[in-house]
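S.K.: Let me give you the structure first, and then I'll get to my questions.
Any read-out appearing in this document is the output of simple, stated calculations on the displayed coordinates, not a laboratory observation. Values in this document were obtained by computation on a predicted structure and should not be read as measured data. Cβ placement follows ideal geometry from the backbone for every residue including glycine, while neighbour counts extend to all protein chains displayed.
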Amino acid sequence: MDRIRCAWGDSAPEYVTYHDEEWGVPLHGDDALFERLTLEAFQSGLSWLTILRKRPAFRAAFAGFDIDAVAEFTEEDRARLMADAGIVRNRAKVDAAITNARAAQRLPEGLSALLWSFAPEGPRERPATLADVPATTPESVAMAKELKRRGFAFVGPTTAYALMQATGMVDDHVATCFRALT
């Protein structure tokens, strides 16, 4: 039986799997959320499909997104990352990943607790169509502002909202999507 998905969820095989199994599913854990924050930053200006297809290479290049390991990256690691054709080679984004790992280490409450503190409470109206899905919300603006205040880079309100969607802090599956009906 064919499932009705959010329109983007049917556009490529990688999207089907990501939509059905990951997007909008609550995700906790400092390293897991660091991975998603990092990938969302790398996606900026690119297709999410590009990032999904490069995700295994990103995981290998960034030590499985272990915060402590990435925080210890050196200039040699930066050079290695910039030479790695398997990932997006953007110096500002590479530097942001390392900066963000170091900033995450300094969070007394941990990255997961901080990020989840911005999740809206209570039920929200489900979007009828993708056109009804916002690019930012007051919560994502506040999250981005707090992350920047704490030393994070490449974390604007749009990136913050994409992170919230991807990790289940908000559920933007459209009303007709099978995921919205389960």
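S.K.: What is the distance in Å between the Cα centroid of segment 117-168 and that of segment 80-103?
M.R.: 23 Å
S.K.: Further question on the same structure: Arg102 to His28: FRET efficiency via 1/(1 + (r/R0)^6), r the Cβ-Cβ distance, R0 22 Å, to the nearest 0.05? Show your work: numbers first, answer last.
M.R.: Details: r = 21 Å, r/R0 = 0.97.
After rounding, the FRET efficiency stands at 0.55.
S.K.: In addition: For every other residue with a beta carbon closer than 10 angstrom to the beta carbon of Arg5, add +1 if it is Lys or Arg and -1 if Asp or Glu, then tell me the sum.
M.R.: Working: positive: Arg3, Arg179; negative: Asp2, Asp10, Asp20.
Charge balance near Arg5 sits at -1.
S.K.: Highest first, please rank the peptides 4-14, 154-164 by the mean number of other Cβ atoms sitting within 10 Å of their residues.
M.R.: Numbers: 4-14: 15.6, 154-164: 22.1.
Packing order, densest peptide first, comes out as 154-164, 4-14.
S.K.: Students often forget the sequence filter, so: which lysines lie under 21 Å Cα-Cα from Lys54 once same-chain residues fewer than 8 apart are removed?
M.R.: Leaving aside lysines fewer than 8 places away in the same chain, those within reach of Lys54 are Lys93.
S.K.: Checking the a/c ratio against 1.5 first, then a/b against b/c, what shape does the Cα gyration tensor give for segment 97-175?
M.R.: Working: a/c = 2.61, a/b = 2.01, b/c = 1.30.
Taking the square roots of the gyration eigenvalues as a ≥ b ≥ c, segment 97-175 is prolate.
S.K.: With θ taken as phi - 60° and the coefficients 6.51, -1.76 and 1.60, list the Karplus ³J(HN,Hα) couplings across segment 68-82 in order, rounded to whole Hz; mark glycine and proline as x.
M.R.: Couplings: 5, 5, 5, 4, 8, 4, 10, 4, 4, 5, 4, 4, 4, 5, 5 Hz.
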